[in-house]
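A short write-up of the structure that comes next.
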C-alpha cells in the first residue's frame, strides 16, 4: 500500500497555594522577598530522582530566569532545591524512595508529580480519580531505560536467556558453571521491594517466581553497582545509568537474537528488558507543572537524559540488518533502508496508540522536516502479538495499525510510501503477559532516500 505526501507560561513566579486549594492568585498577599515558596514536588522512583529529576528541575528553572541558590539533602533520598528569582525565592522538593512510595503521595495530594520507573498498575488505576492515569493527559514518558544484568568485568559469561536470568535470581541456578561460566557461587544483588526497578524486573523476568531469599537487597542503585564491582561472582540488575564499572550482558528472549542494552536497542524497545520512565500527575495541575511536563519532553531536556546515562527520545536512524528469520517480503521492503530509533505501540485494543505515540508522531514529523531529509520515504511495518488471532486476521490487524500511524503522519505533512503488516512474524519477546504482548504489538519505522522529493499529493492506495 502507498501513501503520498505546537500560552507562553505566564507568571511562573506566582506563589502556589497548598495543593488541596485553588491555584488562583488574585487573593494572595505579596510574599516577602527572599522567602522560599513551594513550587514543585516530585516523588517516587530512585532511578529517576537520584540524578535525572534534579537536572530536569534545574534546567527548567534556568529556562524561566531562575538560578539555583542552594541544594539541601534534607534526609536520605530527599532533597530541596532553592531557586532565586526577581520577585521571590522558590523551592522544589524531591523525594525518591522508590516508585511504590510515589503513587500514595500523589493520590493523597502530598506531592504534585509521581516519578515511576514502571507503568501504573491496574490496581492503581482503580483508585478513585485515577482511572485515566495512563492517558496522555496524565502520563508522560520522559526517558527510556533498560534493565542491565551486570556482572564483574572479569566474569567470562557474555549472554544469558531471559529464562536463565529468571532461574538465576529465583535461586534455581546457583553456580556460574550452569550457564557456561567458570566454577563459582552465584551471588545475587537486587533492588528492594519499593523500587520500580524491582517491579519491572518482577514483571519482565521473575513472573510468578519469588526472588531468592539469599539475594542482597538495596534501596540505592549506586550501592548495588558498587557491590557487584568488587566481586567476580556477583550479578545484579540496574537501570542502564547504574551499570558503573560493570559489564552488561546480552539478553536473548525466545527465538529473537541476543541483544545488548545499547542506546539504539533500548530506543526501539527491541531489547528484551527495555523500559520507559514516567512522570504521572493528577488530571488537574498548576500552570507551572504543565509547563514543566512540556519542558522535560523537549529536545533541550532530552539532552540531559543522555548526560545522565539514560536513553533520550530524540530520533536517529541507522542501517540494521534484518533478522535471519525475517520473511522474504520484509527483507525486500526494507532493502537499502535505515531503521528509525522508535517503534509505535498500541494499547490493549486494536486501534489506539499509547501515551508516548502522540509526541513521537510530532518528533518524527519534525525530524523528517529537516532540509537534509528532503525526499526521504517512510516505510511502516506492522506486527501483532503472538497468536493474537488467526494468521490472516493478524496480518490484517498489523496492517490496520500501520495504517493508523500512516494517517496520523499524513496529517502532519509526512509522505508515507509503504505500509505493510506481517502479523505475528518476528516477535521480539516470547512472554505471554500484557507487557510482552504490547512489545510485540508494534509498528516499525524505516527510512529510505529517494532520488528526488515526492511531488504528487498524498493518497491512500495499495
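Could you tell me the relative contact order of the stretch 69-163? Use alpha-carbon pairs under 8 Å, at least six residues apart, and round to a whole percent.
Numbers: 70 pairs, mean separation 11.5, N = 95.
Value for the stretch 69-163: 12 percent.
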Notebook entry, point to check: Please state the relative contact order of the stretch 187-263 as a whole percent: Cα pairs under 8 Å, 6+ residues apart?
Noted result: 31
Next item on the list: Could you check the simple spin-label distance between residue 131 and residue 329, using points 7 Å along Cα→Cβ, in nm with one decimal?
Entry: 4.1
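Only bridges whose two residues both fall in the stretch 145-266 count here: according to DSSP, what percent of them are antiparallel, nearest 5?
Details: 9 of 18 bridges.
Just about 50 percent of them are antiparallel.
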Checklist line | Protection-proxy order for peptides 375-382, 40-47, each taking the mean of Cβ atoms within 10 Å per residue, highest first | finding: 40-47, 375-382
Note to self: Suppose each label sits 7 Å from its Cα in the direction of the beta carbon; what would the residue 412-residue 365 distance come out to in nanometres?
What the structure shows: 0.7
Item checked: Cα shape, the chain, gyration tensor, a/c 1.5 rule -> oblate
Check: How many angstrom separate the Cα center of the stretch 196-237 from the Cα center of the stretch 89-119?
Finding: 23
Checklist line | CD proxy at 222 nm, helix term only [per DSSP H run n ≥ 4: -39500 (n - 2.57); per residue of the chain; nearest 500] | finding: -7500 deg cm²/dmol
Notebook entry, point to check: When all C-alpha to C-alpha distances in the stretch 315-449 are sorted into bins of 5 Å, what percent of pairs does each bin hold, rounded to whole numbers?
Noted result: 2, 11, 21, 25, 20, 14, 6, 1, 0
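What does the C-alpha gyration tensor say about the overall shape of the stretch 145-266? Classify as rounded when a/c is under 1.5, otherwise prolate if a/b is larger than b/c, or oblate.
Values: a/c = 1.10, a/b = 1.02, b/c = 1.08.
Rounded is the answer for the stretch 145-266, as its axis ratio a/c remains below 1.5.
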Margin query: If I model a spin label as a point 7 Å beyond the Cα along the Cα-Cβ vector, how far apart are those points for residue 213 and residue 290 in nm?
Written below: 5.3
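Within the stretch 315-449, what percent of beta bridges assigned by DSSP are antiparallel, to the nearest 5? Please report the intermediate quantities before stating the final value.
Values: 16 of 21 bridges.
Bridges in the stretch 315-449 that DSSP calls antiparallel: roughly 75 percent.
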Check: Which of rounded, prolate, oblate describes the stretch 24-175, given a ≥ b ≥ c as roots of the alpha-carbon gyration tensor eigenvalues and a/c under 1.5 marking rounded, otherwise prolate only if a/b is larger than b/c?
Finding: prolate
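Test of understanding: ordering 443, 228 by Cβ neighbours within 10 Å, fewest first, what list do you get?
Values: 443 25, 228 28.
Fewest-to-most Cβ neighbours within 10 Å comes out as 443, 228.
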Checklist line | the stretch 122-275 - percent relative contact order, Cα under 8 Å, separation 6 or more | finding: 34
Margin query: Taking the Cα centroid of the stretch 141-174 and of the stretch 292-349, what is the distance between the two, rounded to the nearest whole Å?
Written below: 23
Check: Which percentage, to the nearest 5, of the DSSP beta bridges contained in the chain is antiparallel?
Finding: 70
Notebook entry, point to check: Taking the mean number of other Cβ atoms within 10 Å as a proxy for protection, how do you rank 336-344, 281-289 from highest to lowest?
Noted result: 336-344, 281-289
Next item on the list: Go through 69-77, 266-274, 428-436, 198-206 and give me the packing order, highest mean Cβ count within 10 Å leading.
Entry: 266-274, 198-206, 428-436, 69-77
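Every number here is computed from the coordinates shown, using simple stated rules; none is lab data. These numbers were taken from a predicted model, which means no experiment stands behind them. Every residue, glycine among them, receives a Cβ derived from its backbone with ideal geometry; neighbour counts consider all protein chains shown.
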